[in-house]
1. Considering only the stretch 155-202, state which residues are touching a residue at least 60 places away in the same chain (Cβ under 8 Å), among the acidic types (Asp, Glu), touching a helix residue (DSSP H, G or I) at 6+ places or on another chain (Cβ under 8 Å) and within 27 Å of Thr55 (Cβ to Cβ).
2. Considering only residues that are closer than 29 Å to Asn78 by Cβ, surrounded by fewer than 18 Cβ atoms within 10 Å (Cβ to Cβ), basic (Lys, Arg) and modelled with pLDDT of 90 or more, which ones fall in the stretch 122-164?
3. Could you name every one of the helices (runs of 4 or more DSSP H) located completely within the stretch 120-224 that has at least 3 residues being farther than 18 Å from Ile5 by Cβ and β-branched (Val, Ile, Thr)?
4. Out of the residues in the stretch 87-119 that are in a strand (DSSP E or B) and not β-branched (Val, Ile, Thr), which is modelled with the lowest pLDDT?
5. Out of the residues in the stretch 69-80 meeting the condition of being surrounded by 13 or more Cβ atoms within 10 Å (Cβ to Cβ) and modelled with pLDDT of 90 or more, tell me which one is nearest to Ser136 (Cα to Cα).
6. Checking Leu83 against (1) touching a strand residue (DSSP E or B) at 6+ places or on another chain (Cβ under 7 Å); (2) among the hydrophobic types (A, V, I, L, M, F, W, C); (3) closer than 18 Å to Thr161 by Cα; (4) open to solvent by 80 Å² or more (accessible area, probe 1.4 Å), which test does it fail?
7. Considering each residue of the stretch 165-186, count those that are under 30 Å from Asn78 (Cβ atoms) and not β-branched (Val, Ile, Thr), and give that number.
Amino acid sequence: MKDLILQVKNISYSVTNETTTSKIKSKLILNNISFEMERGNTLGISGQSGSGKTTLAKILAGIYLPTSGKIVSKFVKNWSKSLPKPIQILFQNDGNLINPYRTVKDILNEAYELKLNKKNNYTDEVNKIFTRFNLSPQLMDRKGYQLSGGEQQRIALARITIVEPEILILDEPFSSQDVEAQLDILNIIKQLKTDLGLTVICISHDLNILKKISDSILITYNGS
C-alpha cells in the first residue's frame, strides 16, 4: 500500500483581468492537473517558461488557492498550532529570505526560536547546520548583503529546513549555478532526504539534473 503524503486532484487555476473596455476576462493558468506523491520521494517538475510550474508550486504551498479541484495532504505531525507550515518553498534566487542586515548566525538562530517557540542561544544547533550544509565558519558573522547569491541560497535553504517541513519545494535551485555548485546542491538535497526523511518537489528546466534526483517527473505544458 502506498504511503501517500500528497494527492492533487483536478487542480485548475484562473486569474481575472479587467480590460480597457471594462470587460472581465478570465485567463486559465493551470488546467485540470492531478498527481500523487509518496512520502520521502522526490518529484521533478519541468516545462517551458510560462507553463504554470511556479503557480502550481504556490498552490501546493498554500500561497494561492486553486480555482477548482482539491489537495489532500497526510502529514505525520500535527501542524495546527505551529507557526511554520508543513510545506516550505524556496523560490528562485530568493534573497528576500535573508535579512541583509543580520548576521548568518542570528538568521539561523531565529529559525530555531521559531521552531521551538523559545528564545535562546542555539549555538550548537547552528554549528550542526553549518556542517550539514558544508558552510564555511567564516560566514557565521557575515551579514546577508555580504553573501554571494549561492551563499544566500544555501543559507535560505538551511533556514527553511531547520523547521523540518514535511514537504520542501525548490523552485529552480540550479539556475545561474556553475557545475560545482549544482553538484553541491544535489548532494545537500540527497542528504536532507536521508537525515530528515523529506519529501521534495524540485522545479527545474534541466531534465538531466532532475533525472538524477527524481523518483518521477511531471512535465507542464500550457497549464496542463
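The values are calculated or read from the model by the stated rules, or taken from the named source; none is laboratory data. This is a predicted model, so every value here is computed, not measured. Virtual Cβ from ideal backbone geometry, glycine too; neighbours counted across all protein chains shown. With ligands, DNA and RNA removed, areas are computed over all heavy atoms of the protein, side chains included. Shrake-Rupley method; radii C 1.70, N 1.55, O 1.52, S 1.80 Å.
1. Selection gives Asp171 alone.
2. Across the stretch 122-164, the qualifying residue is only Lys128.
3. Values: elements: 123-132, 149-162, 179-196, 207-213.
Filter on the stretch 120-224 gives 123-132, 179-196.
4. Looking at the filtered set, the residue picked out is Leu90.
5. The initial filter retains those residues of the stretch 69-80 that are surrounded by 13 or more Cβ atoms within 10 Å (Cβ to Cβ), namely 69, 71, 73, 75, 79.
Right, trim to modelled with pLDDT of 90 or more and you get 69, 71, 73, 75.
On the way: Gly69: 45, Ile71: 40, Ser73: 37, Phe75: 34 Å.
This residue is Phe75.
6. That leaves (1) as the condition not met.
7. Here is the first cut: in the stretch 165-186, the residues under 30 Å from Asn78 (Cβ atoms) are 165-171, 173.
Still in the list and also not β-branched (Val, Ile, Thr): 165-166, 168, 170-171, 173.
The total comes to 6.
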